[in-house]
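Heads up, the thing below is written out as structure tokens.
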Amino acid sequence: MKRLLQKFDFRSSSYSRPNQTWICGRQSEGSPCRIGPGADGSCRANFECQPAKRDDRWHCTRSDLAGGQCRHGPFPDGICCKPVARCRPVMNWRARPGAAAWRVAALTFGLLLVLVAGGGGPAFINPGPLTSQHVGLKDCKSCHTAFDKGPTAWVHAAFAEKTDIADSKRCLTCHDLGGDSFRPHGLSPSRVAELTRDANPPSRGSWAMISASAAMALKPLKGIESPLPCLSCHREHHGTKFDLTAMANANCQFCHTFQFPSLENAHPEFDRFPFKRRTRIRFDHLNHISKHFRDKEMRSSAPKACKSCHLPDEDGFKMSLKSFEDNCGACHGGQVEGVGRATAKGLPVFNVPGLDVATLSERDVAIGEWPEDADEEITPFMEFLLSGDRDYMAIRKALSGLDLLDLADASPEQLAAVESFAWRVKELIFDVAVEGMPALMTRLEKILGKPLSTQELTHLSGLLPVDTMRMAAHQWVPDLYREVANYRQGSGEKGPSSAGNDSGDKGGDKDGGLLTDEKGGDGLLTDEKGGDGLLTDEKGGDGLLTDEKGGDGLLTDEKGGDGLLTDEKEGKSAKSGEPATAPEDFRDEPENLATGEDWSMAGGWYRDEFTLRYRPTGHADRFLRAWLDVTGQAAPLSREVTTRQIFESLASDKSPGLCAKCHSIDADTDGRLSVNWQGARLAPGEHPFTVFSHTSHFSLPDDKGCLTCHTFNKGAKYLDSFKDRNPATFASNFEQIPRQLCAGCHTAAEAGESCLTCHNYHIGKIIPALSSTLEMMSVPGAP
Amino acid sequence: MNITVRRRLNVAITVMVGATLVLAFAVYDASLYQEPFFTGWVLLAVMGFLALFNLRKKITVLPLGSASTWAQLHIYAGWLVILLFAEHIGWRLPDGVLEFIITVLFAIIVVSGIVGLMLSRILPPRLTRRGEEVIFERIPAFIAELRNEAEDLVLESAQETRSSTISDFYLRHLSGFFSGPRNHLHHLFASRRPEFRLMNDIDNLQRYLNSRENEYADRLRHLVNKKDDLDFYYALSLALKAWLLVHVPLTYSLLILVVLHLVVVYAFGGGMS
């Protein structure tokens, strides 16, 4: 019969209590005590029984299980005669895992307290090395606002604060992303709404299950209006080689209205790529290639390939235009300079407008001298310069509709307005002639409402020479200085008389001239009472202008030769105060004397009868550009008419320089006009939505070259685009690039189809923040 | 429902739950939320459920379902938690010290759990097949009983046969064997080599014994068999209990580190509120 060790009868097997933590240490010897250890693990063993006293005798009470009553019985004092040796209680196997768990937990907690609160805390909780770009950030608080408050504050920061935006603001310390950094794409909500409205739907293809599910389920929770912290997309602490900018396509599409699997599969068609607006430089490719470049005369100058005019920019992204001289100058340079132009090659800037001098004289309108032969309207430039005077606009309004060359039927009010108008014109010419650039600058700054830099004044003034202006002023109104001085003093002035024409013979003012005063009063330049004048010395000393001893003076020649201002043979001299003669009256002028216009073929100022004109200096003339920019952008309501007049006159197809023939003009939403001086190019730091690197793709096209992607749109009415000033209305010379052309290579297995290959998330101008050298002024040796 | 069908059903449910969670993670990852936060909370919930099993075994009063049901749930949730953890760490080893320690602890707990599961599947049938089942805590007592018996037998044989052969043999080969549980690893790997060696030694001894001595040798052989059985029970039972000494304490350590990890990721990851 098989022997069994484990007995289960109550006499052989004591009751087992596995729920008790401690068992008797003598269990392993096979003789555990009946009492067992206490709950605290202490041995409670003392004797084998608790003697009971009956009839004055102590009796053993040991149970039958323990062997029954002992032979000897208790001692007379009632103490059991069988002491139980004490043991070392042993933990029950059921309780051991629990006990070990508590010990391990306590050890772990203690170690964590030491580690986290000690100096090694940051290294212990650091989730991993930073990327190589951030490896210089040694302090956790550089990025984590909660770090420097200590471990106890971390708990609060974890559960009771929201630190994502505060932490993200620390990113902006080095990465300046503009004002809307935490909005999608860094754009304002209104712009995002606009783009969303204009978004193309996906083309045919399969459904992006994961992306669409995410957008459906989670986008309402996220709320596109809520700010997006940087860590939404950029996850640090993944090692030095980790790509911080990598993002799954699904992440990009989460916010978008439409989701699609890939570029090849259901990506929206490129119906607005790469052309979203008309070209800034008006150049009809088809027209030029099919007609002009084939012209016999132009053939030798015409470009032979696209790269003759286009070259990649510094980054290899866009194809920029070469200079005007390289691209267009061979054919269009002369046009810009005015070669072959039938009308005046110079721009009218300053003039004496034509007035009905006869009527004004009859009606005794006191405007002083006025050239009878002047017959042009006031130039837009002069109107602009006069518009700074608040009264002038009222005068202008009073004169609207009135023919200034025929004032026979003018009312007294209108004649008064004409008088005021005339004096305003004279004052303008006077101020510019006498004071020069300061006067011009004062007027311009008042009108434009902003101070002008020297460079701006240089461009806007066209560096008008002082002598040109003064000579013109003198020729137009010889007595201008006295008249305006008197007018400003409130002295009465006579009615109009013929001012000096070109010849200067017709109606000089005998009462006074520029240089003398025959009535005895002080003239500008002489003193008949004997004092030294500015220019003459009656006592015989040499003066600037005369030489009584007979030598040649600057202005007179007593020996009869022509002086600068007088002609002694005709009896006229500066001393007598009669008008000086014009250069055209010089004797012995050669017949082929060049006109001012021809003389200024390289550009600059010249006088054309009663007008001072400016001839452009060729392409990119600074004067024309400055005035187009200033008048296009300035739209002061009270002077809108005058600024627009200048702008429209300079932008017309007939304007000298022909700027607007090629440089398109864009009107923005508040009516300001911008001339596109350059072709499309990215500003430094500019990040557009879509990027395309031309240089990366140059190896791909075959013999078709650029036409591989850019196919001509032969039916497009390109030039019609420029009938208005809205850049969005356009018909490109080239077809839109088909999506499948790109998708042929940009698959997951080949060139890659990540959204970030072609698209930027951060849009706009992004310039890395520069290091601030706060200690610069504390350089040793500095006072 | 037999065990095979039940097991297949449970596996299928676990796989479905796992696949659903992976899909949910993929959808969450497609959003601009940070997926580790989502996987982390799911992982923590499952780990908490797993840790509750120990508590459930201690609280028998409340009607919380049978322990066997909890054990089944614990096992399948344990398989699931491996997938969740791998998803949470992105299927790569973490770089941070704290996270690496958590990963190592988790790995040890998982391995110990799998080992425990295997032991609980393999060892009990072997215990049953061996013969008498004894209470583990009483095995030392039984060993002591057999030891006393063996020593009495040896003494008796020396007296009766007036020969020290058996006693010498006992001292040389069996005294250490009877002093306590022996040959743990051999019994775990179901090796009976130590027993066979001892039997072989006794066989060799019996060649040189007379009939009287052989009787004592046979009785001694019986005691050796019995002792070997006890060693077997002890080794397997110890294994069935000892793996918990790894699995349970490290779980608590892991939970403490997870709490620290939770605080750190939220404190420096944007906050929970």
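Could you check how many percent of all C-alpha pairs in chain B are farther apart than 27 Å?
For chain B, the share of Cα pairs beyond 27 Å comes to 57 percent.
Summarise the partner chain shielding of A:164-173 as one whole number: the mean count of Cβ atoms from other chains within 10 Å of each residue's Cβ. Spell out each step's value before the answer.
Working: counts 4, 2, 2, 4, 1, 0, 0, 0, 0, 0.
The shielding value for this peptide is 1.
May I ask you to sort A:Ser203, A:Ser461, A:Ser190, B:Ser179 by Cβ crowding, counting other Cβ atoms within 10 Å and putting the fewest first?
A:Ser190, B:Ser179, A:Ser203, A:Ser461
Give me the distance between the Cα centres of region B:82-102 and region B:22-81, rounded to whole Å.
17 Å
Let me have the relative contact order for chain A, percent, based on Cα pairs under 8 Å that are six or more residues apart.
So the answer I get is 13 percent.
List the trypsin sites (Lys or Arg not before Pro) within region A:662-735 that DSSP assigns to loop and that have no more than 15 neighbouring Cβ atoms inside 10 Å.
Sparse-neighbourhood loop trypsin sites (Lys or Arg not before Pro): A:Arg672, A:Arg681, A:Lys704, A:Lys714, A:Lys717, A:Arg725.
Angle check, please: helix A:466-476 long axis (alpha carbons) against the longest principal axis of chain A (alpha carbons), in degrees 0 to 90, nearest 10.
On a 0 to 90 degree scale, this one is about 40.
Please list, ordered by chain and number, the residues whose modelled amide H lies under 5 Å from the amide H of A:Glu369; skip anything fewer than 5 residues away on the same chain.
Sorted by chain and number, the residues that satisfy this are A:Ser497.
Run the dipole for region B:136-237 about the Cα centre, Lys and Arg Cβ at +1, Asp and Glu Cβ at -1, nothing else charged, and hand back the magnitude in debye, nearest 20. Mind dumping the intermediate values first?
Values: 14 positive and 17 negative charges, 67 e Å.
That gives region B:136-237 a dipole magnitude of about 320 debye.
Working out 0.36 nm times the residue gap between A:Cys140 and A:Ala106, then minus their Cα-Cα distance, what length gain in nm do you get to one decimal? Walk me through the numbers on the way to the answer.
Working: separation 34, 0.36 × 34 = 12.24 nm, distance 2.86 nm.
Between A:Cys140 and A:Ala106, full extension yields 9.4 nm more.
Of the DSSP beta bridges with both residues in chain A, give the percent that are antiparallel, rounding to the nearest 5.
90 percent
What is the calculated FRET efficiency for B:Ser163 to A:Asn19, with r their C-beta to C-beta distance and R₀ = 51 Å, to the nearest 0.05?
0.50
Treating only the Cβ atoms of Lys and Arg (+1) and Asp and Glu (-1) as charged, compute the dipole magnitude of the protein assembly as shown about its Cα centre; round to the nearest 20 debye.
Around 13600 debye, computed over the protein assembly as shown.
Charges on Cβ only, +1 for Lys and Arg, -1 for Asp and Glu, centred on the Cα centroid of chain A; of A:Thr458, A:Val365, A:Ala342, which one is farthest towards the dipole's positive end?
The residue sitting most towards the positive pole is A:Thr458.
What is the order of A:Met91, A:Met469, B:Met118, fewest Cβ neighbours within 10 Å to most? Before the final figure, lay out the partial values.
Working: A:Met91 16, A:Met469 20, B:Met118 11.
With the fewest neighbours first, A:Met91, A:Met469, B:Met118 line up as B:Met118, A:Met91, A:Met469.
Quick check on the exposure proxy: order A:Asp403, B:Asp29 from fewest to most C-beta atoms within 10 angstrom. List each step's numbers first, then the result.
Details: A:Asp403 12, B:Asp29 21.
In order of increasing Cβ crowding within 10 Å: A:Asp403, B:Asp29.
Write out the chymotrypsin sites (Phe, Trp or Tyr not before Pro) in region B:31-122 meeting two conditions: DSSP loop, and at most 12 other Cβ atoms within 10 Å of their Cβ.
When the chymotrypsin sites (Phe, Trp or Tyr not before Pro) of region B:31-122 are filtered for loop state and at most 12 Cβ neighbours within 10 Å, B:Trp91 remain.
Output the peptides A:30-37, B:148-155 sorted from most to least packed, where packing is the average of other Cβ atoms within 10 Å over each peptide's residues.
Highest to lowest by the protection proxy: A:30-37, B:148-155.
Treating the Cα atoms of the protein assembly as shown as identical point scatterers in vacuum, please give the log10 of the normalised Debye intensity I(q)/I(0) at q = 0.07 Å⁻¹, two decimals.
Relative scattering, expressed as log10 I(q)/I(0), comes to -0.91.
Once both labels are modelled 7 Å past Cα along the beta-carbon direction, what's the B:Met272-A:Glu775 spacing in nm?
4.3 nm
Given H placed 1.01 Å from N in the peptide plane, which residues other than close sequence neighbours of A:Trp605 have an amide H under 5 Å from its amide H?
A:Arg615
On a C-alpha basis, how far is the centre of region B:183-227 from the centre of region A:432-490 in Å? Whole number, if you could?
Here the two parts' Cα centres lie 131 Å apart.
Under the definition of partner shielding as Cβ atoms of other protein chains within 10 Å of a residue Cβ, what is the mean value for peptide B:32-39?
On the way: counts 15, 7, 5, 1, 1, 0, 0, 0.
Across the residues of B:32-39, the mean count of other-chain Cβ atoms within 10 Å is 4.
At what distance in nm do the modelled label points of B:Ile108 and A:Asp653 sit from each other, each positioned 7 Å from its Cα along Cα→Cβ?
The two pseudo-label positions are separated by 8.9 nm.
Say R0 is 25 Å: what FRET efficiency, to the nearest 0.05, do B:Asp95 and B:Asn10 get from their beta-carbon distance?
Efficiency for this residue pair is about 0.10.
How large is the convex hull of the C-alpha atoms of region B:136-237 per residue, in Å³?
Cα-based convex hull of region B:136-237, divided per residue, equals 74 Å³.
Alpha carbon centre of region A:35-65 versus region B:6-20: separation in Å?
Their Cα centres are 58 Å away from one another.
As I understand it, the value is the acute angle between the Cα axis of helix A:209-222 and the longest principal axis of the Cα atoms of chain A; what does it come to in degrees, rounded to 10?
Tilt relative to chain A: about 80 degrees.
Could the peptides A:169-177, A:693-701 be put in order, highest first, of the mean number of other beta-carbon atoms found within 10 Å of their residues?
A:169-177, A:693-701
Taking K and R as +1 and D and E as -1, what net charge do the other residues with C-beta under 13 Å from the C-beta of B:Ile135 add up to?
Values: positive: A:Lys7, A:Arg17, A:Arg94, B:Arg138, B:Lys241; negative: B:Glu132, B:Glu133, B:Glu137.
Cβ neighbours under 13 Å give a net charge of +2.
Just counting partner chain Cβ atoms within 10 Å, what average do the residues of peptide B:252-260 show around their Cβ?
That works out to 5 on average.
Hey, what number do you get for chain A at 222 nm if only DSSP H runs of n ≥ 4 count, each worth -39500 (n - 2.57), divided across all residues, to the nearest 500?
When only DSSP H runs of four or more count, the value is -8000 deg cm²/dmol.
Please identify the chymotrypsin sites (Phe, Trp or Tyr not before Pro) of region B:165-273 that satisfy two criteria: DSSP loop assignment and at most 16 other Cβ atoms within 10 Å. Which are they?
Those satisfying the criteria are B:Phe189, B:Tyr208.
Collect residues whose amide H, placed 1.01 Å from N in the peptide plane, falls under 5 Å from the amide H of A:Ile767; neighbours closer than 5 in sequence don't count.
A:Asp176
Kindly express, to the nearest 10 degrees and within the range 0 to 90, the angle between helix A:390-399's C-alpha long axis and the longest C-alpha principal axis of chain A.
For helix A:390-399, the angle is close to 60 degrees.
Which of the listed residues, A:Ser31, A:Met298, A:His288, is farthest toward the dipole's positive end in chain A, when Lys, Arg count +1 and Asp, Glu count -1 at the beta-carbon?
In chain A, that residue is A:Ser31.
Taking the Cβ of A:Phe712 as the center, what net charge do the other residues with Cβ under 15 Å away carry, scoring Lys and Arg +1 and Asp and Glu -1? Could the numbers behind the result be given before it?
Values: positive: A:Lys291, A:Lys704, A:Lys714, A:Lys717; negative: A:Asp284, A:Glu735.
Neighbour charge sum, excluding A:Phe712 itself: +2.
Computed from the coordinates by the stated procedures, all read-outs in this text should not be read as laboratory data. Source: prediction; values computed, not measured. Every residue, glycine among them, receives a Cβ derived from its backbone with ideal geometry; neighbour counts consider all protein chains shown.
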